[in-house]
Structure formats: structure tokens, C-alpha cells
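Notes for the one structure printed next.
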Amino acid sequence: MTGAGFFFVHRALWLSGSASLSREGEARRLEAWIWLLAQANWGESGDLKPGQLTTTRGKISAYTGWTDGKVRSWLKSLCKEGAISLKRNGNHSILTVENWAKYQSGYR
């Protein structure tokens, strides 16, 4: 993440039918999603584009307290839903938040 500032989180997120974000009694999934959004680049930074970040399952696990298996399953669900895409790059992955530009296009 470069710089400081803000990013948009749409209210519809709380109404989402996404199994990756809204399971009964698991608000932590939504918190993890917002954490990923906060980690994403907001502008061009080296090889990363807006909406991208480099991460590992270990880093996500350290933040969430989840096992590696739960992190892997959650990321797989987000990929399947089209919320993110992942590209392995050595010992880490480049995570892309799909539709980042659409979500961050300013006030509506």
C-alpha cells in the first residue's frame, strides 16, 4: 500500500449475497475483505496497478487469525465469485480487486 487516504466502500456490501463475505456469525470475513481493499494500491506503484496488492496467505492469516486452509478456501471463493483474481509471483501473489476502478470512481 502506498500513501494514505481513503477508499470507497459501498453500503450494498452489507446486503451482498456473497458466501465469501456474509456468512451468519462470521463478520470477520467482511472485515478481511475491507482490509484487502485498504491494502490495495490506489494509484500506479512500481509494477502494481490500482486495485492490486502483493500478499501471501501467511500475511492474510496473520491479520485474520485464520488457518492457512481457511485463507485458501476464502480466496478461492472470492476468485470463483469474480471479486478478485490471483497471479503467483515467486513466494507471494499479486491479488487484483476486480472492478476496482468502477468502485472507486468517485462520489455518486
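Where a number appears in this text, it was derived from the coordinates with a stated rule and is not lab data. Here the structure is a predicted model, which means the values were calculated and not measured. FYI the Cβ positions are ideal-geometry reconstructions off the backbone, even for glycines, and counts take in every protein chain you see.
Rg and Dmax, both from the Cα atoms of segment 38-108 and both in Å, are 12.7, 39. Ordering 32-41, 76-85 by mean Cβ neighbour count within 10 Å, with the highest value first, yields 32-41, 76-85.
Summarising the amide proton neighbourhood of Ile84: residues at separation of 5 or more, or on other chains, whose placed amide H is nearer than 5 Å comprise Cys79, Glu98. If R0 is taken as 22 Å, the Cβ-Cβ distance between Thr64 and Leu86 corresponds to a FRET efficiency of 0.85.
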